[in-house]
Amino acid sequence: MAPLRLVGTKLVLPLALHSVCAGFPSPADDYLDENIDLTRLLIVNPPATFLWRVEGKSMIDAGIFPGDLVVVDRSLEPRHGDAVIAIVNGERSIKRINLRGGGELLQCANRRMPPFVLPECAEVEIWGVVTWCLRGLRRAGP
């Protein structure tokens, strides 16, 4: 897989001065606070950053759903509780990492699924740390 390439100019979008209420509506202000370059926000280390499309439902309780894109940084050291891309016996998987002794090393984030049990002689590589999850809310079409 080739690393992410930045092509052309950066994408800068305006950031509203006030946050948006996800509960009861509040009076809206039409003021802009600053501009945000999405590439700088989402990508800290471009040569080590990759995008992966998610399949499966093992991480839905972490807000990661099938079809989402995750931003993965290979240069980061995983921390306890991070979502990571793990390669287990050659198969790619996204899981939470448990670095606090005992229990499973890799865990699903879906309470409806059974615990993720690593085979005894499994080869495990933590490939990268998930830093962002991107989900489209409106699909193309009529």
Residue check, ALA109 part of a strand (DSSP E or B) and either without any contact (Cβ under 8 Å) to a residue 12 or more places away in the chain or at negative phi (or both): no
Residue under evaluation LYS95, criteria (1) touching a Ser or Thr at 6+ places or on another chain (Cβ under 9 Å); (2) farther than 24 Å from LEU42 by Cα, criterion not met: (2)
In region 46-73, the residues that are modelled with pLDDT of 90 or more and over 30 Å from ARG112 (Cα atoms): ALA48, THR49
Matching residues in region 40-59 - criterion: being of a type outside the set (S, T, N, Q) and either part of a loop (DSSP other than H, G, I, E, B) or touching an Asp or Glu at 6+ places or on another chain (Cβ under 6 Å) (or both): ILE43, VAL44, ALA48, VAL54, GLU55, GLY56, LYS57, MET59
Failed item in (1) modelled with pLDDT of 95 or more; (2) surrounded by 14 or more Cβ atoms within 10 Å (Cβ to Cβ), with LEU106 passing the rest: (1)
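The values are calculated or read from the model by the stated rules, or taken from the named source; none is laboratory data. These numbers come from a predicted model, not from an experiment. Methodologically, a virtual Cβ is constructed for each residue, glycine included, from the backbone with ideal geometry; neighbour enumeration extends over all protein chains shown.
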